[in-house]
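Accompanying notes for the structure given below.
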Amino acid sequence: MGRERGESVTTGHVARAFEVLEYVAEHGSSTARTIADATAIPLPTVYRIAQELIRAEYFVHLKTEKRFALGYRLHRLAVGLHQDLAIPHAVRDEVSALHRELGMAAYLAIHRGTDFVVTFVADSPQFPRLSPMGFGFHESPHATAFGKMGLGTLTIEGRDAYLFDAELRAHTPRTITDPETLCSQLDEIAHRGIAWEHQEFQMGTDCLAAAIKTEDGTLIGSVAVSAPVAAYSGGTRHVEERVRACASRAGRAYRLGGHHS
């Protein structure tokens, strides 16, 4: 029990440190009092966290202004992330061409298991992107085409841990929350490299994602489209073919560009 309590304290301290860091990242250099008031973290704790971040070079102390600002070490982390998520120009061109050809919003996402980040969107006033792509978009992979693509690559153990260990949120009346049904769907997604989502995240909108894989079959990303349900009428197979072809060309561009996951 002592160890569990220690782990809880440590986890709480880390969470507060991130909260302080994220506040300054969003609002710019700030005084300890401002941070404490905004985050409800006690002032002495804010000072202690700030000093630790300074020692780690994630913060700098602007002494004359009595404010804390972001440190240069964060820049190195950001550079590493940007390099990891770098989008070859050829891939941007492919996703943009898909948007124009199908008359649908088109997306590129980079995957790490069930986690994904949308790194590029091609849309227009006539064919807008999903909005908002906010709460639940990343937290509920079972309800999105992107997320299902990632879930389909998990081991059986990893998939079961997500599907059976917690209640799955229903975003719409059409969201599939039955683990057995989802398992069957994910098997098909893993086999076909195509993931559909039919009004499961937002009513009135269907989404389709196709996998971008390395030569050894590892999922590194996906290309997707979203549109009102009526836009797919009579053309489902054509949309699948075009999205799959775009993902295939994007994968070739990543491999030629030396991308690695």
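Selection over region 101-127 of residues that are surrounded by 19 or more Cβ atoms within 10 Å (Cβ to Cβ) and part of a helix (DSSP H, G or I) gives a count of 1.
Between ALA170, ALA166, ALA190, which is surrounded by fewer than 19 Cβ atoms within 10 Å (Cβ to Cβ) and in a helix (DSSP H, G or I)? Give the steps one after another, and end with the answer.
Values: ALA170 fails: in a helix (DSSP H, G or I); ALA166 fails: in a helix (DSSP H, G or I).
Every option except ALA190 fails the conditions.
In the condition set (1) within 24 Å of VAL91 (Cα to Cα); (2) touching a residue at least 12 places away in the same chain (Cβ under 8 Å), GLY217 is compliant with all but (2). If the condition is being at pLDDT below 90, among the basic types (Lys, Arg) and either over 30 Å from SER124 (Cβ atoms) or exposed (fewer than 14 other Cβ atoms within 10 Å of the Cβ) (or both), then region 41-100 contributes LYS63, LYS66, ARG73, ARG76.
Being polar (S, T, N, Q) and surrounded by 12 or more Cβ atoms within 10 Å (Cβ to Cβ) is the filter; apply it to region 219-237 and report the residue that is nearest to ARG192 (Cα to Cα).
Filtering region 219-237 for residues polar (S, T, N, Q) gives 222, 226, 233, 236.
Next cut, surrounded by 12 or more Cβ atoms within 10 Å (Cβ to Cβ) only: 222, 226, 236.
Values: SER222: 13, SER226: 19, THR236: 15 Å.
Filtering first and then ranking leaves SER222.
The set of residues in region 128-163 being part of a helix (DSSP H, G or I) and either of a type outside the set (Gly, Ala, Ser) or open to solvent by 60 Å² or more (accessible area, probe 1.4 Å) (or both) consists of PRO141, HIS142, PHE146, LYS148, MET149, LEU151, ILE156, GLU157, ARG159, ASP160, TYR162, LEU163.
Set side by side, the residues ALA247, ALA211, ALA190, ALA195 differ, and just one is closer than 15 Å to MET104 by Cβ and hydrophobic (A, V, I, L, M, F, W, C), which is ALA247. Just one of (1) without any contact (Cβ under 8 Å) to a residue 12 or more places away in the chain; (2) open to solvent by 60 Å² or more (accessible area, probe 1.4 Å) fails for ALA25. It is (1).
The values are calculated or read from the model by the stated rules, or taken from the named source; none is laboratory data. Keep in mind the model is a prediction, meaning the values are calculated, not measured. Glycine also receives a Cβ, built like all others from the backbone with ideal geometry; neighbour counts cover every protein chain displayed. Please note that ligands, DNA and RNA were not included when accessible areas were found on the heavy atoms of the full protein model with its side chains. Shrake-Rupley method; radii C 1.70, N 1.55, O 1.52, S 1.80 Å.
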